[in-house]
Structure formats: C-alpha cells, structure tokens
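For reference, the structure discussed in these notes is given below.
The values are calculated or read from the model by the stated rules, or taken from the named source; none is laboratory data. Predicted model, so just to flag it, every value in this text is computed and none were measured. Note that each Cβ is placed from the backbone with ideal geometry, even for glycine, and that neighbours are counted across all protein chains shown.
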Amino acid sequence: MEDYGVLSIVPPALSICLAIYTRNIILSLAIGGFSGALILTNFNPFFAIVSLMEDHVFTQLASGSNPQVIAIMLVIGGFIQMLDKSGGAKAFSSTIVKVISNPVRAQLAAWLAGLSVFFTDSGNALIVGPLFKNVFTELKICREKLAYILDTTASPVSILVPFVGWGVYIMSLIENSYTDVGLVGEPFEVLLSVWPYQFYAFLALSSIPMILMTGKDFGPMARAQTAFNKALKEGTLEKEEDEELPPEYDNISEKPRLITVVLPLSIMLFSMIVFIGYFAYSEGIKSIHVRSGICLSYLFASIACAYTMKRYKGITFNRSINHFVRGMEKLVFICLVLVLAWSLSSICKELHTGDYFAALIGERIDPNFIPVIVFLLGALMSFATGSSYGTFAILMIIVVPVAHTLNAPLVLTIAAVLSGGLFGDHTSPISDTTVLASMGAGCPHIDHVSTQLAYALVTGSMTVLAFVVAALYQTPYIILGMIVVQFFVINIIMKLYGHDTRGDEA
C-alpha cells in the first residue's frame, strides 16, 4: 500500500478551503478531485484529467446504486414543481390560516404550516410566507418573527423525512462512505439509526413553540418588534412589493384547492407504505426496495398531481410534463454535487486519507468526543459557505473513515455532520434558505439574519451539550432530556432578558 503521507489530505482540505473562499461547492469539489488525481498520477496534468473522468466520475456514475439515486432526485424535483404549480402546497398552508384569531395562534399556525411543507426546504418560505405576511401585519407581529419561523422550519423538517430529497441525498453519501471503509449496512437503516441523534433539527423545531409560550422576545428580535410597533403607531411602516417573489411563485393569488395536495400526497404515502410493507413482510427491507418505493411513489403522485391540474386548473398533460421536466432541471445542481462528492470520496479512498487523519489524531482526542468536534467543524464550514449540502458531501468523506478507524461512535458522527451542516446553514447570511425566508416574509435580509441569530445560538448551544452528553452516555432518549433542558433555558432567558413587546403596541 503506497503511503502518500500529508498529500492524502490535500484534496479534501483544498475543497473545504475553496468552498469557504469561493462559496462555490461545484468548483471546490472539482478542483479538490483534480488535485487528488494529480497526486495519484504523479502530477501529470493530462493523465490526471483522464483519470479523474474515466476512473472516478464515469465509474461513480455507473457504480452500484448511484444512477438510481440520481433518478430519484430528478423525479422528486419534478413532483415538487408540479405540486407547486397545482397550488396544492399553498392550499395546505391556507387551510391552517383559517383557525387564526390572535398573535400566538398566528405564529403557531405559521409553524404548523412550515412543518406541513416538508417536501421542499427552498419552496417552504415562498409557499408559507406570502400566506402569513398580511396576517402578521394585521395582528401586529413583526416580519422578522415570520422570517425566523420560516427559516427554522424549512431545512430542519426536511432533513428528518427520509423519503424526500434530503433523505435520498444523505443515504447516498452514507452508502458510499460505508463502502469506502468496507462497512456493511443498509443506508435506510443507518439513516433511521441516526434519526434520534439529529439534535439540532429536533431542538430547532421545538424551540419555536417554547418561545411563543413565553409571550416574550429578547435581543434583536425584541428591538425589531418594538420598532415595528412604533412604525405602526406613527404610520411610517414601509410596504414591500409583492413582485419581489421569483416568477415561478407568481400563482399565489389563485384560489387553491385542498384536493390538489391531499390526493397526490395520499397516493404517495399509500404507495410507499404498500411497497415497504410488502418487502418488510416478505423478504426484509433492502436499500433497493426503499429506492424503488420512493421513485415509484413520487411518480404515481406526479400522475395524480397532473390529473388535479387538468381537472381543476385546466392545465394540459403536456404542460404538466413540462413542469415536471422543469422541476427535474432544478435538481441537476444537487446531482452534480453528488457525482463530484462520490468522485472525491473514491480519490480519498485511494489516497488513504481516512487512515492518515486517524493516525494524525491518534490518542490525542477521546474518540467519543469526535462527534462534538465534527459538529463544530460542520457548523463553521456551512456558515462560511452557506451550503449544508456541500458540507455534508465533503465532511462525510473525511469523518466516516476517521471515526471507523478510531472506533468512534459512527452513528453519532454522521448525526454530527448533519446537525453541524444544518446549524451553519440556518445562521449563514449567504444560505439560500436564509435568503428565501427573508424574501418570503417580506423583511430586509440583514434584519432577518441579525434577529434570528440569538435564537439559533441558543439551540446550537443546546446541541453542543447534547453531543457532549452523548459522548458520555449514548442513548436515543437524550433528545427528550435536551428538549426539557431547552424549555427551561428558554424560559430562564426570557425571564431575565425577555420583553413583552405587546405593551408597546398602539
């Protein structure tokens, strides 16, 4: 086995540095992969390019389940686009709006609506936001609070659902990482075992009702609410233009029908239950069954969606297919990230990057505390790049082999990658979901970033504590205890620093 020494860490390290500097994950992964190919071909640029394409990119495109994953991602993208154009997602959210009668209920309704739109993190804010903007204004709630709720429900809820794009993407990274280190495990089962340790997602989602129950705000959010109340009283409140929303969301004014979302989602869930249930009963659930079940379920749901579009909006099947293809196009970027991540992973395997990292760390760090370090590294990288997808792709390549070699808790390490990437993405001013939350709520972007940061830091601190506890005592019930701890922490913070800004209203 050839020993590449310190050169083995150049490709992933270069990818991380470039991702932070350029904020372009495609370019960063491509250059990182090329640098690895250069090392493997004795720094011959011609052979490096050929090797990168033939031995890694093409090989990964034809390897194992990778083509299936790409097909599933494209189908999911097509369905999301069709559901959006049918008005179904907006119908689901607008139904919740009808029960609103006071500020607390309005905010809880926005939270529930955000939870309901679990199939798209980027579309969440632009679907839910416009429904609640005027409601929040009428009930004297600042738009920054709406943006915070939108941002805090978008990615955290999507990452917890294994049969949407996030889940498929993460399972593909897990499968390739396990294969590279010689581990055997069904990606679906691994993801389910990781699920209870996705601390940041659970804590972020539960923090919203905890904050609302106090009836107070603190820090920049409290100041934003006070300024909003003052502007209302003085009649100086600025009104944003609805045209700021992207053109693909220009059908917000159309009256939505609930059946346009109930029928497709019911068919999707029913199909998935039948597929998974049959194989669970007959021969056991394998990854191929999960992938085929997801793909077919989304295809059946897309057909149902096309029917509702034809029935209730007069959209022809040809136009529905065009919408489906446009949705597939939107997922091409993610597919490119996957292919480049797979290629970089195979290069790191040949360079024995994981072995070198493990030898470098040696006995300096207790393996049980590696997940804590991974969470902090993932948060920093995701915050700097604004990309949780890119963070997952790069870190999974590095930390899974290291955790395996050092006998660190592998499930916790994977969970730390996901939580760290999610936390950094949530707080990053250049994250697409952060930008879309500002846009959907109709508030200045910098105001949204500054007001939600204090709340997100509370949840992030609770997540660090959760991984520390998990390092000492690993059990899936940790999240329940941390939710209780977070409840008391939020109440203490609100008692010491919170302000009931409702008293400032006119």
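In the range 386-424, which residues are farther than 27 Å from Arg364 by Cβ and out of contact with any Gly (no Cβ under 7 Å at 6 or more places or on another chain)?
Keep residues of the range 386-424 that are farther than 27 Å from Arg364 by Cβ, which gives 386-390, 422.
Residues satisfying the conditions are Gly386, Ser387, Tyr389, Gly390, Leu422.
Identify the residue in the range 280-307 that is within 14 Å of Leu269 (Cβ to Cβ) and of a type in the set (Phe, Trp, Tyr) and, among all such residues, is modelled with the highest pLDDT.
Looking at residues that are within 14 Å of Leu269 (Cβ to Cβ) and of a type in the set (Phe, Trp, Tyr), I get Phe300.
Those residues that are buried (at least 24 other Cβ atoms within 10 Å of the Cβ) and in contact with a Ser or Thr (Cβ under 6 Å, 6 or more places away or on another chain), I need them from the range 152-187; list them, please.
Ala154, Ser155, Trp166, Asn176, Pro187
Would you mind telling me which numbered condition in (1) within 21 Å of Asp425 (Cα to Cα); (2) modelled with pLDDT under 85; (3) assigned to a helix (DSSP H, G or I) Phe132 fails?
The single condition Phe132 does not satisfy is (1).
Report, by residue number, each residue of the range 376-390 that is modelled with pLDDT of 80 or more and of a type outside the set (Gly, Ala, Ser).
Leu376, Leu377, Leu380, Phe383
Quick check, is Ala341 modelled with pLDDT of 85 or more, under 30 Å from Ser387 (Cβ atoms), hydrophobic (A, V, I, L, M, F, W, C) and in a helix (DSSP H, G or I)?
no
Within the range 78-98, is even one residue modelled with pLDDT of 75 or more and surrounded by fewer than 20 Cβ atoms within 10 Å (Cβ to Cβ)?
No - not one qualifying residue is present in the range 78-98.
With the requirement that a residue be in contact with a helix residue (DSSP H, G or I) (Cβ under 8 Å, 6 or more places away or on another chain) and either surrounded by fewer than 13 Cβ atoms within 10 Å (Cβ to Cβ) or aromatic (Phe, Trp, Tyr) (or both), what does the range 271-282 give you?
Selection gives Phe275, Phe279.
Which of the residues that make up the range 310-331 are touching a residue at least 12 places away in the same chain (Cβ under 8 Å), outside any loop (DSSP other than H, G, I, E, B) and not aromatic (Phe, Trp, Tyr)?
Across the range 310-331, the qualifying residues are Lys313, Ser320, Ile321, His323, Val325, Arg326, Gly327, Met328, Glu329, Lys330.
Being within 15 Å of the chain's Cα centre (by Cα) and either in a loop (DSSP other than H, G, I, E, B) or among the hydrophobic types (A, V, I, L, M, F, W, C) (or both): is that true of Leu173 here?
When the stated conditions are applied, Leu173 passes them.
Condition check: touching a residue at least 60 places away in the same chain (Cβ under 8 Å), closer than 27 Å to Phe136 by Cα and either touching a Phe, Trp or Tyr at 6+ places or on another chain (Cβ under 9 Å) or not β-branched (Val, Ile, Thr) (or both). Does Ala415 satisfy that?
no
Among the residues of the range 366-375, is there at least one that is surrounded by fewer than 17 Cβ atoms within 10 Å (Cβ to Cβ) and either modelled with pLDDT under 85 or in contact with an Asp or Glu (Cβ under 8 Å, 6 or more places away or on another chain) (or both)?
Within the range 366-375 (the criterion being surrounded by fewer than 17 Cβ atoms within 10 Å (Cβ to Cβ) and either modelled with pLDDT under 85 or in contact with an Asp or Glu (Cβ under 8 Å, 6 or more places away or on another chain) (or both)), the answer is yes, since at least one residue qualifies.
Scan Ser8, Ser28, Ser51, Ser63 and give me the residue that is of a type in the set (Gly, Ala, Ser) and in a loop (DSSP other than H, G, I, E, B). Give the steps one after another, and end with the answer.
Numbers: Ser8 fails: in a loop (DSSP other than H, G, I, E, B); Ser28 fails: in a loop (DSSP other than H, G, I, E, B); Ser51 fails: in a loop (DSSP other than H, G, I, E, B).
Unique residue meeting the criteria: Ser63.
Scan the range 138-170 for residues that are over 30 Å from Val400 (Cβ atoms), assigned to a helix (DSSP H, G or I) and touching a residue at least 40 places away in the same chain (Cβ under 8 Å) and report the count.
Residues in the range 138-170 being over 30 Å from Val400 (Cβ atoms), assigned to a helix (DSSP H, G or I) and touching a residue at least 40 places away in the same chain (Cβ under 8 Å): 8 in total.
Mind telling me which of the residues Ile446, Ile394, Ile398 ends up being touching a Cys at 6+ places or on another chain (Cβ under 8 Å) and under 26 Å from Asn24 (Cβ atoms)?
The conditions single out Ile398.
Please count how many residues of the range 45-64 are exposed (fewer than 14 other Cβ atoms within 10 Å of the Cβ) and of a type in the set (Val, Ile, Thr).
1
Show the residue pairs meeting these rules: Cβ distance below 6 Å; 6+ apart or different chains; first residue within the range 265-282 and among the hydroxyl-bearing types (Ser, Thr, Tyr); second residue surrounded by 13 or more Cβ atoms within 10 Å (Cβ to Cβ).
Within 6 Å, the pairs are Ser271/Ser297; Ser271/Phe300.
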